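Down below is the structure, laid out as structure tokens.
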Amino acid sequence: MTPRHPDALSEQIAAFETYLRSERRAAELTQRAYSRDLAGLYAHLRDNDLPLDAGALELSHLRGYLAGLAQHARPATLGRKQASLRAFYRFLTRRGLCKRNPAALLRSPKLPRALPKVLAVDDAVAVVTQPDAAVHAALAQRDRAMLELLYGAGVRIAEVAALTLDALDLARGEVRVHGKGSKQRVLPLGPACVAELSSYLAVRPELRHPKSGAQHARALFLGRYGSRLGVRQMRALVKRHGAHALGHTDLHPHALRHSCATHLLDAGADLRAIQELLGHASLSTTQRYTHVSVDRLLEAYARAHPLARHKGPAKPDP
């Protein structure tokens, strides 16, 4: 939230938030993250009687803010806060609201490049097909369609939650999604995904408020009582179905997206095509999946190849 005090910094933060919302059209989660990080900077400066004006701050002020977080924050969290400060100052300098950019001199913490978590093909299929119609037929069908989109099309969980009915073209086997930065892309849907979505649309009218009969008119995925299904609810559903299918409760929706990309790459799909499917701005982001595929290949080699099982040179005949 933007601080309420009538000072230069609160006005600068408010202008940046307006830019994120109206011009850049950043995702809501991105807007919240930037706002939290800048509110933290504001609180640090206020509590330490430091200038409440981005134009008056020095590199030492920004470092002091980050140093106060270092004991409790992970390197990834510190890296994100530094990125927020750099984005904030870039905005201010480009708009002429600030002459200097001390954030450009901040050094990012070194982060281990973690490889995406990927499910085996059989495990991914087990999760997607897990929802049990015996519990509630309409809800089970909704969950199977949702899981098919996450795994079959590699769609982000926020993109799935934001889908509307008019985004689907099942006759053409396509779905239109709005990704990060409000960038739109049209994704192909496989036959299994089309079938699950068709079955869900047939039972979607059952998901409405039991007393008023109210139902969200445009949202694709609905809760039991007809309201739009949110990201948090979808994450909980993925965890629940992952626990039933795989026996552990830490399955994240992104693991299905990662699995989609890796399985496509394993099957010979072009890296550029996978980049377009996932909506990555940079090919280097998509290239992470090549490392996953190589690691999986080496594991398979170690398990199955005769040379990998060979312990050493053969002993000469006596």
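Just so it is clear, none of the values below were taken in a lab; they were calculated from the coordinates. Keep in mind that what you see is a predicted model, and the values were worked out from it rather than measured. Virtual Cβ from ideal backbone geometry, glycine too; neighbours counted across all protein chains shown.
Quick look at the numbers
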{"read-out": "Euclidean distance of C-alpha centroids, the stretch 197-272 and the stretch 127-161, integer Å", "value": "4 Å"}
{"read-out": "Ranked 256, 119, criterion: other C-beta atoms within 10 Å, fewest first", "value": "119, 256"}
{"read-out": "Cα gyration tensor category, rounded, prolate or oblate, for the stretch 132-245 with a/c compared to 1.5", "value": "rounded"}
{"read-out": "Cut-off 10 Å between beta-carbons: net charge of the residues surrounding residue 164, Lys and Arg +1, Asp and Glu -1", "value": "+2"}
{"read-out": "Shape category assigned to the stretch 8-105 from the gyration tensor of Cα positions, a/c cut at 1.5", "value": "oblate"}
{"read-out": "Debye, to nearest 20: dipole size of the stretch 78-217, +1 on Lys, Arg Cβ, -1 on Asp, Glu Cβ", "value": "1740 debye"}
